[in-house]
Amino acid sequence: MKKITDKIEITNNKFARNRIVMPPMDTLMGEDGLANDFHIQHYGSRSYGGIGTIIVESTAVSSEGRIREKDLGLWNDTQIAPLAKVVDIAHQGGAVIGVQLNHAGAKAELDMQTIGVTNYFNYLNQSKLKIAEKSDLNRIENDFISAAMRAKKAGFDFIELHAAHGYLLNEIYHPLLNEVNKSSNIIERSEMIITIAKRITQEVKIGIGIRFSVEDDVDESPLKINDMKPLVEALDPYMSYFHISSGATIGVVYMGKIIKTAGTKLFRLKYAKEISKWTNKKIITVGNYQNRSDIEVALKNDIDLVAIGREIIFNPNIVINSVLKAEELNELYHWNNNIWWGPQQYKKLVEDLESK
């Protein structure tokens, strides 16, 4: 059986020390898209706390592509150096680190003109929303490539495309949300996504993963997981992993009609298992994983990587103080270079005291 402590190649000869992932979670602590001391301590503490792979929160490829004003960005060169400091501290702590590149599309909540391919999100103030023209999409495609180049210059080990939760790339492949290309063929709707992945592979030469909402968790939604199979197969040559999420796309519009299992413990595991049938690339599962037992459920189902989300916000050291056993901690897990007082020594002390 797969073990939590297995070293695993995330991408391009970049190996994580375990199968645990910190997924992207917005902090809204940036200024003009710039990372700062908060982000250094935020990601640094999780790295020193034992996480194997960190994916930095949604980072906008253009100013209008932010979800909210204080999101991080990689739309200009001044944003490279601050993120390089985040990368450096994460590497010092022993983690592999990537960044999630995103354009918020019609779900941007900004006091400026925004761009999407749908006006479906009527619970938002979309008075400044522009439905994208071909020239807009061409520009945004180039923005993704430029942001990936900046991510590489910052030292990130990989990038993740955010194609989930109602943001632009999700709008593009979703049959209900793409009002610019109404083709019934998911590949035709998704041409821009495939092109971005191909161009990053060829022009930037950095590893890529993608986060999908593979279902809306709403019975009435026209998007079902089997519809995703052609897109997964088309993207497979360019991907190092698929990060499987769901929901937050049209569920708000269907108030009260969300599938009953949505939000229950580990409910997305079945989605990850289904996607794994269509690819031999690594699969990340996410959704209410809180402890060792939860993680082992996913590994017993042959999932490669498990993301701990909100729990790691409240407990930066969850991996070394809760998930791993004392005998599993080694030189890869350290707070400092003091040979007498590290995670392993602390856990042994606690275990000895509890046994007396």
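Per-peptide packing, taken as the mean over residues of other Cβ atoms within 10 Å, places 201-212, 164-175 in the sequence 164-175, 201-212 from highest down.
Would you mind working out the magnitude of the charge dipole of the chain relative to its Cα centre, with +1 at each Lys and Arg C-beta and -1 at each Asp and Glu C-beta, to the nearest 20 Debye?
On the way: 43 positive and 45 negative charges, 142 e Å.
So the dipole magnitude of the chain works out to roughly 680 debye.
For residue 79, neighbours were defined as the other residues whose beta-carbon sits under 10 Å from its Cβ, and their charges (Lys and Arg +1, Asp and Glu -1) total -1.
Post the alpha-carbon centroid distance, segment 34-85 to segment 283-326, in whole angstrom. For segment 34-85 versus segment 283-326, the Cα centre distance is 22 Å.
For the pair residue 188 and residue 125, the difference between a 0.36 nm per residue extended length and the Cα-Cα distance amounts to 19.7 nm.
Backbone geometry of segment 264-271 corresponds, through the Karplus equation with coefficients 6.51, -1.76 and 1.60 at θ = phi - 60°, to 3J(HN,Hα) couplings of 6, 5, 6, 5, 7, 4, 5, 5 Hz, x marking Gly and Pro. Report the Cα centroid-to-centroid distance between segment 265-280 and segment 175-190 in angstrom, as an integer. Cα centroid to Cα centroid, the span is 24 Å.
For residue 138 and residue 13, the difference between the fully extended length at 0.36 nm per residue and the C-alpha to C-alpha distance is 41.8 nm. Using the 1.4 Å probe convention, the accessible area of the chain works out to 42 Å² per residue with neighbouring protein chains retained. Among the listed values [x] 20.1, 71; [y] 19.9, 76; [z] 47.1, 131, the one matching Rg and Dmax of the Cα atoms in Å as calculated from this structure is [x].
Of all the accessible heavy-atom surface of segment 8-324, with the other protein chains kept in place and a 1.4 Å probe, what percent is carbon and sulfur? Solvent-exposed carbon and sulfur of segment 8-324 make up 48 percent of the total.
The values are calculated or read from the model by the stated rules, or taken from the named source; none is laboratory data. Since this is a predicted model, take the numbers as computed values, not measurements. No Cβ is skipped: glycine too gets one built from the backbone with ideal geometry, and neighbour counts run over all protein chains shown. For the accessible areas, the whole protein counts, side chains as well, though only heavy atoms, and no ligand, DNA or RNA atoms are used. Shrake-Rupley method; radii C 1.70, N 1.55, O 1.52, S 1.80 Å.
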